[in-house]
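Each remark here refers to the structure printed beneath this line.
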Amino acid sequence: MSYPSMPPPPGGLPPAGWYLDPTMPNQQRYWDGVQWTDNIAPQYRFGPPPPVTPPITPAYATAATPSLLGPGGVPYASFLRRFSGLVIDGLIFVPFALIIGVIFAVPLFTKISNCLELTSQSEMERCLTSLTDQVVADTGFITAASILIGLVQVAYFTICLRVWGRSIGGLAVGIRCVTASGTNPSWSKSFVRALIPFGFSILGLIPLIGVFAFVAQVLAYVSMLWSPKRQTWMDRAAGTFVVKPVK
């Protein structure tokens, strides 16, 4: 803040320092070499006034190097914290998977038990043929159910990131997904970020390709360990960052 109505210290524009306040003779005001500042001090008879107190730096800023600070000056979330949040989110969908497994597993194991009780070879062959047909049919239903659960997950993460900037797992471990400006991701960014893991899951259903899809999905997450901004492949594609806000 400047004080244009206040005359400068005697002697033109002297160097920066403490001088008698033109508006208050019993105190001193700091002159920065160009203009008066808001820093004042009592008029001491002996010795100079106390030095100007530097601004207080938040504790997390002194604990983290600038390279580890994300948008808004808050630290990036650690891999362990992000992995814990991902596990929590995964547990949300475990009941759905268990229900699907029970629906298809119980009839299948019942038929296997019935086949083992047969004594005639012809009946055993017919039973095994029927069992094979059922497995093929169940595989199609299980695949369809897996895709449906994946789409629900995409919707879940997209809505959570856009509205709250975090999923339930992220809320539990205290992390948040933001853009470079520190705001919640847009609908498009949130959708892209949620769609990539779903794509890996779909590729995982394809024989042979599934192995490579699994390896790629693991790399997509652990890549944050060597990323300067702690970004996974999903973060880079969507232009997002995961940080740990300081309470």
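Things worth noting here:
- Segment 164-185 and segment 92-139: distance between their alpha carbon centers, rounded to Å: 43
- Taking each residue as 0.36 nm, the span from Thr119 to Trp164 lengthens on full extension beyond its C-alpha to C-alpha distance by 10.0 nm.
- Nearest-0.05 FRET efficiency for Leu128 and Ala97, computed from C-beta distance (R0 30 Å): 0.60
- At full extension, Ala105 and Ala137 could sit 10.3 nm farther apart than now, given 0.36 nm per residue minus the alpha carbon distance.
- Other residues whose C-beta falls under 12 angstrom from the C-beta of Asn114 contribute a net charge of 0, scoring Lys and Arg +1 and Asp and Glu -1.
- Amide N proximity, segment 135-155 versus Trp187 label position 7 Å along Cα-to-Cβ, cut-off under 15 Å: 155
- Both radii come from the Cα set of segment 62-243: Rg as radius of gyration, Rh as Kirkwood radius; their ratio Rg/Rh reads 1.15.
- Tyr19 paired with Ile209, simple spin-label distance in nm, labels 7 Å along Cα-to-beta-carbon: 7.7
Each reported figure results from applying straightforward, stated rules to the coordinates on display, with no laboratory input. Because the structure is a prediction, the values reported are computed rather than measured. Positions of Cβ are generated from backbone atoms using ideal geometry, with glycine treated the same way; all protein chains shown enter the neighbour counts.
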